[in-house]
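Trainee: I am attaching a structure below and will ask some questions about it afterwards.
The values are calculated or read from the model by the stated rules, or taken from the named source; none is laboratory data. Because the structure is predicted, anything quoted here is derived from the model rather than measured. Cβ: placed from backbone, ideal geometry, glycine included. Neighbour counts: every protein chain shown. Only protein heavy atoms, including side chains, enter the accessible area calculation; ligands, DNA and RNA are left aside. Shrake-Rupley method; radii C 1.70, N 1.55, O 1.52, S 1.80 Å.
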Amino acid sequence: SAEYFALHELVERMESANLVGMNFEVSMWRTIRPVLLLILAASLVDALLAGMLGVVLVRRWIVRPVGVLRIAADRLAKGDFAHRVPVTGRDELGLLSAEINHMAGMISTMQEERVDRERLAAVGEMVRRLAHNLRNPLAGIRSLAELARAEMPADSTVRDTQDRIVDTVDRFERWLKDMLSATTPLTVVPQPTPIAP
C-alpha cells in the first residue's frame, strides 16, 4: 500500500503540474490572442493596400497606355494619319508607340506619293488627249500648206509664207512630242552588268 500511496502522490503531482501548465497556456493564449489578431488584421490591411496599389499601377502603366494605343489604332484605321501617340518611355509600350508613329508617317507619305502619281497620270492622260486632238488639225494645216506651196512658183511670196507655216507646224509637232515624252512614265529595262573585280 505504500506503493499505491507513492503512485497516488505521483499522479496527484502530475495532475497538478498539468493544471499549472494548462493555466499557463490559457493565460498565454489570452495574452497572445490580441497580438495575433492585430498581426492578422495588419496583414489583411497590407494585402488590401498592396492589391489596390497593384490595381492603380497596372491601370497607370498598362491599361491607360494600351487604351491610348487602341485609340491611335482606331484613328489610323479611320484614315487620320496625322494622329501621333505620345511616347512616354523606353519600355515596350513606349517603343510600340514610336513604331505606330513611324508607321503612320510612312502611310501618310505613301498616300501623298500616290496622290502625286495619280495627279501626274491624270496630267499625262490630258496631255495625250490634247496632243491627239491638236495633231489632226495640224496635219491638215501642214498638208494644205504643202499643197499650196507646190502649186506656187519658186519666187512667190505666198510660197515663202507656206514654208513658214510648214516650219511652224513642224516646230509645234516637236513641242507636242517633247511634252508627250515628258509626261510618259519611264520604262525601266534591267540589264545584266559585269561587276569589275
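Trainee: If you average the sequence gap of Cα pairs under 8 Å that are 6 or more apart and divide by the length of region 76-189, what percent do you get for the contact order? Could you put the intermediate results ahead of the total?
Mentor: Details: 60 pairs, mean separation 24.6, N = 114.
22 percent.
Trainee: Separate question: Please find, in a Gaussian network model of the chain (springs between Cα atoms separated by less than 10 Å), the residue of Ala154, Ala145, Ala98 whose mean-square fluctuation is greatest.
Mentor: Ala154
Trainee: Moving to a separate point now. Can you work out the PRE-style zone for His102? Point 7 Å along Cα to Cβ, and I want the residues of region 40-66 with backbone N under 20 Å.
Mentor: Flagged as within label range: 66.
Trainee: Once amide H atoms are built 1.01 Å from N in the peptide plane, which residues 5 or more positions from Phe81, or in another chain, come under 5 Å H to H?
Mentor: none
Trainee: Rounded to the nearest 10 degrees, what's the angle between the helix 2-58 long axis and the longest principal axis of the chain, both from Cα atoms, 0 to 90?
Mentor: Result, in degrees: 20.
Trainee: With the chain treated as a Gaussian network of Cα nodes joined by springs under 10 Å, which of Pro137, Pro65, Pro86 yields the largest mean-square fluctuation?
Mentor: Looking only at Pro137, Pro65, Pro86, the biggest GNM fluctuation is shown by Pro137.
Trainee: How many percent of the accessible area of region 126-193 is carbon or sulfur, using a 1.4 Å probe?
Mentor: Values: 3210 of 5360 Å².
Of the solvent-accessible surface of region 126-193, carbon and sulfur hold 60 percent.
Trainee: Using only the heavy atoms of the protein chains and a 1.4 Å probe, how would Val166, Val115 rank by accessible area, largest first?
Mentor: Val115, Val166
Trainee: Using 5 Å bins from zero, what percent of all Cα-Cα pairs in region 74-136 falls into each bin?
Mentor: Bins of 5 Å from zero give 4, 16, 15, 14, 10, 8, 7, 6, 6, 5, 3, 2, 1, 0 percent of pairs.
Trainee: Right, another one. Between Trp61 and Arg33, what is the FRET efficiency for a Förster distance of 25 Å, r being their Cβ-Cβ separation, to the nearest 0.05? Walk me through the numbers on the way to the answer.
Mentor: Working: r = 41 Å, r/R0 = 1.65.
E(calc), rounded to 0.05, equals 0.05.
Trainee: Turning to a different aspect of this structure: What angle do you read, to the nearest 10 degrees and between 0 and 90, between the alpha-carbon axis of helix 64-77 and the longest principal axis of the chain?
Mentor: 20 degrees
Trainee: In the Gaussian network model of the chain, springs joining C-alpha atoms below 10 Å, which of Ser181, Ser97, Ser108 carries the largest mean-square fluctuation?
Mentor: Maximum fluctuation in the GNM of the chain, among the listed residues, is at Ser181.
Trainee: Measuring with a 1.4 Å probe in the full set of protein chains, what accessible area per residue, in whole Å², belongs to region 133-197? Before the final figure, lay out each step's value.
Mentor: Values: 5310 Å² over 65 residues.
Per residue, region 133-197 has 82 Å² of solvent-accessible surface.
Trainee: Test of understanding: given the chain, find the longest segment containing no trypsin sites (Lys or Arg not before Pro) that are in a DSSP loop and have at most 12 other Cβ atoms within 10 Å. Let's see the in-between values first.
Mentor: Numbers: sites that count: Lys78, Arg90.
Longest gap between qualifying sites, sites excluded: 91-197.
Trainee: Would you mind computing, in nm to one decimal, how far apart the modelled labels at Lys78 and Arg135 are, each placed 7 Å from Cα along Cα→Cβ?
Mentor: Taking the simple label geometry, Lys78 and Arg135 are separated by 5.0 nm.
Trainee: May I ask you to rank Ile195, Ile71 by accessible area, largest first, using a 1.4 Å probe over the protein chains only? The partial results should precede the final answer.
Mentor: On the way: Ile195 155, Ile71 85 Å².
Sorted descending by solvent-accessible area, the residues read Ile195, Ile71.
Trainee: Set Lys and Arg Cβ to +1 and Asp and Glu Cβ to -1, take the dipole of region 89-197 about its Cα centre, and tell me which of Leu120, Val166, Met103 lies farthest positive.
Mentor: Result: Val166, furthest along the dipole toward the positive end.
Trainee: Show that you can apply the helix-only estimate: for the chain, add -39,500 (n - 2.57) for every DSSP H stretch of four or more residues, divide by all residues, and state [θ] at 222 nm to the nearest 500. If you can, show how the numbers build up before the last one.
Mentor: Working: 4 runs with 158 residues, N = 197.
Using -39500 (n - 2.57) per qualifying helix, the result is -29500 deg cm²/dmol.
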